[in-house]
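Since the structure comes first, as structure tokens, the remarks are kept for the end.
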Amino acid sequence: MVCRTDFGKNEKKAGRRRSIWRAICGTMLTFWALIVLFPFYWMILTSVKSYGSYNAERIPRLFTLEPTLQNYRDAFTSVPLAGYLANTLIFTAATTAIMILVIVLSAYAFARLNFRGKNIVFTLYLALMMIPGELVIITNFATVTGLHMRNTFLGLILPSVTSIFYMYLLKETFEQVPDELYRAARVDGTSDLKYLWKVMIPVCRPTIITVLILKVIECWNSYVWPRLITDDPAYYLVSNGIQEIRENGFGRENIPAMMAAVVVISVPLIILFLIFRRKIMEGVSRGGLKG
């Protein structure tokens, strides 16, 4: 009887400790979520404040009773923001499509095909990840300039059509597919391309979707290379168009209008991430497992 009583007391204590721990974790996560989300809230709040009310605030207010959409109208009329969005869409779609084709074929070759020097070539590819990005940008700039592709979509797209990290991630995922499937397909006379299309891509779809989404985000946020290789506003993307918006569109003091432009630029990525967040987590976790 004493043992049962002690066991019951220990269970209650353990239950209280778990409850306290869950409460602490929940409080910390809530606090951290507020810290992370506050910049987004402040960006949206500022974008719906009028120019006069914003400048009249000596102490910034956490809300507004007179929201306005005039700043969003200014974002599309004062500067060619629609053109920047169209350029970014073309750049993102073309770069992502070509990169997916390149890394799927290369990852499959390294994962399933046997050819002389495969391990050496793959090791050299991985070694390229150790090279600072600034050095690669300098080389790419010299190459693209030498080919007279500045201020062209081709010059924007070509240096970004491959990624060693994404290729490595996809290769690791391909290697998780049992070899027996490949041998059985080869016995049936299936070609490598057909096996890749019919078996490997459907099985590894979560990782491919993850790579696709991450590449879209990377292209949408690209700044250094587009800023370096284009000086013609006709080829500006949304990222380097923000500076154009600040200097030539609204002036340095019209912060609400600038925030409206930033909201317009940010919303597509936020929606994309919210829709596919589970696919991203699933693909990354699968890529990190072996066996």
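The values are calculated or read from the model by the stated rules, or taken from the named source; none is laboratory data. Keep in mind that what you see is a predicted model, and the values were worked out from it rather than measured. Positions of Cβ are backbone-derived with ideal geometry, glycine not excepted, and every protein chain shown enters the neighbour counts.
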Contacts under 9 angstrom Cβ, first residue in the range 122-146 being at positive phi, partner surrounded by 10 or more Cβ atoms within 10 Å (Cβ to Cβ) and modelled with pLDDT of 85 or more, 6 or more apart: none
Report, ordered by the first and then the second residue, all pairs with beta carbons closer than 6 Å, sequence separation of six or more or different chains, a first member in the range 172-196 that is assigned by TED's automatic domain parsing to the domain that holds Ile208 and more than 15 Å from Pro206 (Cα to Cα), and a second member that is small (Gly, Ala, Ser) and buried (at least 16 other Cβ atoms within 10 Å of the Cβ). Tyr195/Ala185
Got at least one residue in the range 212-233 being among the aromatic types (Phe, Trp, Tyr), surrounded by 19 or more Cβ atoms within 10 Å (Cβ to Cβ) and within 25 Å of the chain's Cα centre (by Cα)? yes
Selection count, the range 166-195, where residues are of a type outside the set (Val, Ile, Thr) and under 13 Å from Ile208 (Cα atoms): 8
Give the residue, chosen from Tyr84, Tyr51, that is more than 30 Å from Ile213 (Cβ to Cβ) and touching a residue at least 12 places away in the same chain (Cβ under 8 Å). Tyr51
Going through the range 127-146 one residue at a time, which ones are surrounded by 13 or more Cβ atoms within 10 Å (Cβ to Cβ) and either outside the structural domain of Arg186 (by TED's automatic domain parsing) or under 22 Å from Leu170 (Cβ atoms) (or both)? Val136
Can you say whether Thr162 is among the polar types (S, T, N, Q) and either modelled with pLDDT of 90 or more or more than 22 Å from the chain's Cα centre (by Cα) (or both), as far as the supplied structure shows? no
Unique match (being of a type in the set (Val, Ile, Thr) and surrounded by 14 or more Cβ atoms within 10 Å (Cβ to Cβ)) among Ile44, Ile24, Ile35, Ile59: Ile44
Considering each of Gly251, Gly287 in turn, give the residue that is surrounded by 16 or more Cβ atoms within 10 Å (Cβ to Cβ) and modelled with pLDDT under 80. Gly287
Right, Gly155: modelled with pLDDT under 85 and closer than 12 Å to Trp225 by Cα or not? no
Can you go through Leu101, Leu89 and tell me which one is exposed (fewer than 15 other Cβ atoms within 10 Å of the Cβ), under 19 Å from the mean Cα position of the chain (by Cα) and assigned by TED's automatic domain parsing to the domain that holds Thr207? Leu101
